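A short worksheet on the structure shown next.
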Amino acid sequence: MPPPALAPAAGEPTGPLTAPLDGLDDALAAVDAFDRALVAGLLRPQPARVADLTALAHAVAGSPLAARVAEAAEKAAAGAASEDHFTALAAARSALLGAAHDALLARADETAGRTRDEKAPTAPAARPAVNLLLAARTWLADLARAGWQGIDHELVGAAAPIVSAMLPDPALRRLATLLDGFAAELAASCPGSALERFPARRWGDLWARALLLTRSGALGPAATGTATGRLLPLGIDLHEHATAAQAQVHAVFEPADGSASRLVRASVSMPKPDTVVAAGVWQLLRPHLFLLAALGEGRAVHLTDMPLSEEGDLIWDDERARPGDPADAFATARVALPTATAALTAPLDRHPARLAEPVFLEGYDTRRDGDALTFGLPGYSLAVDTDRVPAAGPLTPDAVAASSACIGLLRWDDGAFRVQPLAVETTVRKKTVALQAGAWAGGTTDKAGVKAEKAATDAVTVLRERAGRLLRT
């Protein structure tokens, strides 16, 4: 697969990833306008914020949402919006970002030469409305009325009993984790009246997503099929938050029936205390997904009737998987990745920030300007997002800078495409070696890894002892 191209060199034609997208700036401007209204709050909007609400309504005027959003904007401008009106505004905001996502994804597919499923994912089966979803919706509506400037510990703390009641129910755990992390961020910023700057886009994203997830039928993804065949891991993307962690394995799946291979993901998520960081995160995740060890050992995995969603997510069950033969991630990237088909994105997951397309790059040179790193490709350069490389592994920015080949995720951030390295090939003592960001996921004999594991083990042991004393008292 030819490497994706980003910024054209002087005198070169514009590449497909850099050509302007009609309407993209307008869509993002309408989202920013609504986010400004959320900062100030929708209890008694000022004239400038009323204009921001109107901008959101105008942006979706030609869509099926037009009438509902226009009514919701009018009610919100009068300070009389109900929970249903807030939901309509959240839906409009998410629709605009979804359209931006689709346009950017089409550009990425064009550059990578990737084919994508034509069948759109079906909506998850509807669930009866439950009191916990209603309680969460009420809390989120209260946040919108107060605005980020009006948050205080009493308002933010009202989420705690809702989260505690949701966590035991696996069907509600996705929303519970989102609410828990969102509330933690808000609590760390209280009181809002003392803040000079707000992460308006991020908090707007979290608010809108949480609000839409409280609607019946939005809590998927549900498995719609099964996967039997060989799984070839490419790399691990580790997501860390103060209250949760997730490891997402990107892989190529080769069906046993000989049908076309496809890109899939397998994820494991766990709540965590904020004191468990770096290699300690693997100790929380490792017991729940043996695929982490398989990737660290460089092995394929054989699947038998593994549940698979239409969006390409494996609903992992260790009982349906067994270790396979050795499988080099870079061989997979060179041979299997270019022909793998990708799934369409679920409606609520359509957001530019969620773009994470596996790509393989080689034949580049690296350029550093302070902390900024770029890959120089023939006529083009591609920014490298080294900030996303986790500390819980042997991959470092210096190793990326010295690399000759890279497996990464193509992302869109701050108005531009970037690549997040998952693994690189580099030369050590005249030998080509591969370094995986998730190499320590299943355990390691690497000296630095062993040292990090020991420090993490000590921290986890202390936490468990303290928790045990609390339970005994």
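What follows is calculated from the coordinates using simple rules that are stated; it is not laboratory data. All values derive from a computational prediction rather than experimental measurement. Positions of Cβ are generated from backbone atoms using ideal geometry, with glycine treated the same way; all protein chains shown enter the neighbour counts.
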* Asked: So for the pair THR224, ASP274, with labels modelled 7 Å out along Cα→Cβ, what separation do we get in nm?
  -> 4.0
* Asked: Near LYS272, which lysines are there with a Cα under 29 Å away, not counting those fewer than 8 places off in the same chain?
  -> LYS447, LYS451, LYS454
* To do: Go through segment 166-273 and name the trypsin sites (Lys or Arg not before Pro) that are in a DSSP coil and have 14 or fewer other Cβ atoms within 10 Å of their Cβ.
  => ARG197
* Please give the helix 131-146 orientation as an angle from the longest Cα principal axis of the chain, in degrees from 0 to 90, rounded to the nearest 10. => 70
* Asked: What percent does the relative contact order of segment 349-436 come to when contacts are Cα pairs within less than 8 Å and at least six residues apart?
  -> 29
* **Theoretical ellipticity at 222 nm over the chain - DSSP helices of four or more residues, -39500 (n - 2.57) apiece, nearest 500** => -12000 deg cm²/dmol
* In whole angstrom, how far apart do the alpha carbon centroids of segment 157-205 and segment 240-297 sit? -> 24
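Defining a contact as two alpha carbons under 8 Å apart and six or more residues distant in sequence, what relative contact order in percent does the chain show?
Details: 907 pairs, mean separation 74.8, N = 473.
Result for the chain is 16 percent.
Just how large is the dipole of the chain about the Cα centre, in debye to the nearest 20, putting +1 at every Lys and Arg Cβ and -1 at every Asp and Glu Cβ? Could the numbers behind the result be given before it?
Details: 46 positive and 55 negative charges, 184 e Å.
That gives a dipole near 880 debye.
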* Pairing the Cα long axis of helix 47-59 with the longest principal axis of the chain, what angle in degrees results, from 0 to 90 and rounded to the nearest 10? -> 60
* Using alpha-carbon coordinates, inclination of helix 24-40 to the longest axis of the chain, degrees -> 60
* Asked: For segment 309-384, what's the relative contact order in percent, using C-alpha pairs closer than 8 Å and at least 6 residues apart?
  -> 20
* To do: Just name one of GLN246, VAL419, LEU231: the one whose Cα is farthest towards the positive end of the charge dipole of the chain (beta-carbon charges, Lys/Arg +1, Asp/Glu -1).
  => GLN246
